[in-house]
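Got a structure here, written out as structure tokens. Questions coming.
The values are calculated or read from the model by the stated rules, or taken from the named source; none is laboratory data. From a predicted model like this one, the values you see are computed outputs, not experimental measurements. Please note: Cβ atoms are built from the backbone with ideal geometry, for glycine as well, and neighbour counts cover all protein chains shown.
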Amino acid sequence: MRVRRLAAGTADLLDPGSSLWSKAETGTFELIPTPLAMQPSAYVRASREQRPFGRVREVEVRVLHDGEHVAFLLAWDDPDRDVEPPGDERFPDGAALLFPLASDAPLVTMGAEGRAVNAWHWRADRPERARNNVAAGLGTTRVTQDASIATSARWDHGRWRVVFRRTLASTAPAGEAVRMKPGDAVLVAFAVWDGSNGERGGLKSFSPAWHTITLEG
Ligand code: HEM
């Protein structure tokens, strides 16, 4: 997917309804549930055998940059707007982008030792900032101090539209955040959580292959 470079700034892009988004190419990606057998928790494996998860099966993605910031717009169908903090049964809706921090980082295990991945994680109960996560294999996900990923979200007629916006460069310590620059080809994958279906942590749907986005120089 080609990421067009805008002449004007990307500040307006924080609005998921901005008309600037019509300038972006649209990618549609199939999502599949994370494999039940790979869930590290025995309780989760047992309790979800009869209760399917990974309900959201498609995400539409648009990406734009202005030489300084990059903005991703993710859109998907979800009839329930789950915005309350985690409870016993219900969880907030969520979405995340995944980037390899090493060129050969595996996606399906969220990285591996020495081959970390970076996730930008939006949750509907904390709508204005994504958390920056680093993982090097299942069970190793950790949140870092980086608060530089601005988000804004809108739910309308059964569809979420969520923007993630960050500087292309990053001031985060090396190994904790993906770095981009105009002209780069960047690998990315997507995940979505349907909170009212008890989805959180490893229970979600994800795009099972890395996709390349190429930032116009
Ligand atoms: C595009 C793909 C993926 C993205 C963007 C992603 C993102 C994330 C994020 C942001 C978290 C932290 C959640 C939180 O704090 O509530 C997380 C946790 C987790 N993810 Fe993923 N994930 C992806 C793929 C997978 C796959 C394929 C599995 C396979 C089972 C998986 C298993 C887990 C597990 C078990 C956790 C719980 C925390 C941990 O054990 O480290 N993820 N993921």
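Report the residue count in region 181-201 for those that are surrounded by fewer than 21 Cβ atoms within 10 Å (Cβ to Cβ) and either more than 16 Å from the ligand (Cβ to nearest atom) or small (Gly, Ala, Ser) (or both).
8
Within the set of pairs 6 or more residues apart or between chains, which connect a residue that is closer than 14 Å to ASP88 by Cβ and in contact (Cβ under 8 Å) with a residue 24 or more places away in the chain inside region 187-200 to a residue that is more than 10 Å from the ligand (Cβ to nearest atom) and among the aliphatic types (A, V, I, L, M) with Cβ atoms less than 8 Å apart?
Final answer for the pair search is GLY195/ALA124.
Moving to a separate point now. Going through region 86-100 one residue at a time, which ones are in contact with a strand residue (DSSP E or B) (Cβ under 8 Å, 6 or more places away or on another chain), part of a loop (DSSP other than H, G, I, E, B) and farther than 21 Å from ALA150 by Cβ? Working first, answer last.
Filtering region 86-100 down to residues in contact with a strand residue (DSSP E or B) (Cβ under 8 Å, 6 or more places away or on another chain) leaves 91-100.
Remaining after also requiring part of a loop (DSSP other than H, G, I, E, B): 91-93.
PHE91, the sole residue that qualifies.
Between LEU31, LEU20, LEU14, LEU64, which is surrounded by 13 or more Cβ atoms within 10 Å (Cβ to Cβ), aliphatic (A, V, I, L, M) and either closer than 21 Å to ASP88 by Cβ or free of Cβ contacts under 8 Å to residues at least 60 places away in the same chain (or both)? Can you show your working first?
Values: LEU31 fails: either closer than 21 Å to ASP88 by Cβ or free of Cβ contacts under 8 Å to residues at least 60 places away in the same chain (or both); LEU14 fails: either closer than 21 Å to ASP88 by Cβ or free of Cβ contacts under 8 Å to residues at least 60 places away in the same chain (or both); LEU64 fails: either closer than 21 Å to ASP88 by Cβ or free of Cβ contacts under 8 Å to residues at least 60 places away in the same chain (or both).
The match here is LEU20.
Here is a list of conditions, (1) part of a loop (DSSP other than H, G, I, E, B); (2) surrounded by 20 or more Cβ atoms within 10 Å (Cβ to Cβ); (3) within 13 Å of the ligand (Cβ to nearest atom), and GLY137 meets all of them except one; can you say which number that is?
Only one criterion in (1) part of a loop (DSSP other than H, G, I, E, B); (2) surrounded by 20 or more Cβ atoms within 10 Å (Cβ to Cβ); (3) within 13 Å of the ligand (Cβ to nearest atom) is unmet by GLY137, namely (2).
Follow-up question, since we're still on this one. In contact with a helix residue (DSSP H, G or I) (Cβ under 6 Å, 6 or more places away or on another chain), surrounded by fewer than 18 Cβ atoms within 10 Å (Cβ to Cβ), modelled with pLDDT of 95 or more and more than 28 Å from ARG2 (Cα to Cα): does that describe ASP125?
It is false that ASP125 is in contact with a helix residue (DSSP H, G or I) (Cβ under 6 Å, 6 or more places away or on another chain), surrounded by fewer than 18 Cβ atoms within 10 Å (Cβ to Cβ), modelled with pLDDT of 95 or more and more than 28 Å from ARG2 (Cα to Cα).
Select from region 23-41 the residues that are within 12 Å of the ligand (Cβ to nearest atom) and in a helix (DSSP H, G or I) and write down the one among them that is nearest to MET110 (Cα to Cα).
MET38
Test each condition in (1) of a type outside the set (Val, Ile, Thr); (2) touching a residue at least 40 places away in the same chain (Cβ under 8 Å); (3) within 12 Å of the ligand (Cβ to nearest atom) for ARG126 and report the one that comes out false.
(2)
Tell me the strands (runs of 3 or more DSSP E) entirely within region 158-217 that contain at least 1 residues that are over 19 Å from VAL134 (Cβ atoms) and basic (Lys, Arg). Break it down into steps so the answer makes sense when it comes.
Numbers: elements: 159-167, 185-193, 211-215.
Filter on region 158-217 gives 159-167.
Go through the residues of region 72-93 one by one and say whether even a single one is within 13 Å of the chain's Cα centre (by Cα), buried (at least 20 other Cβ atoms within 10 Å of the Cβ) and within 17 Å of GLY202 (Cα to Cα).
For region 72-93, residues within 13 Å of the chain's Cα centre (by Cα), buried (at least 20 other Cβ atoms within 10 Å of the Cβ) and within 17 Å of GLY202 (Cα to Cα): present.
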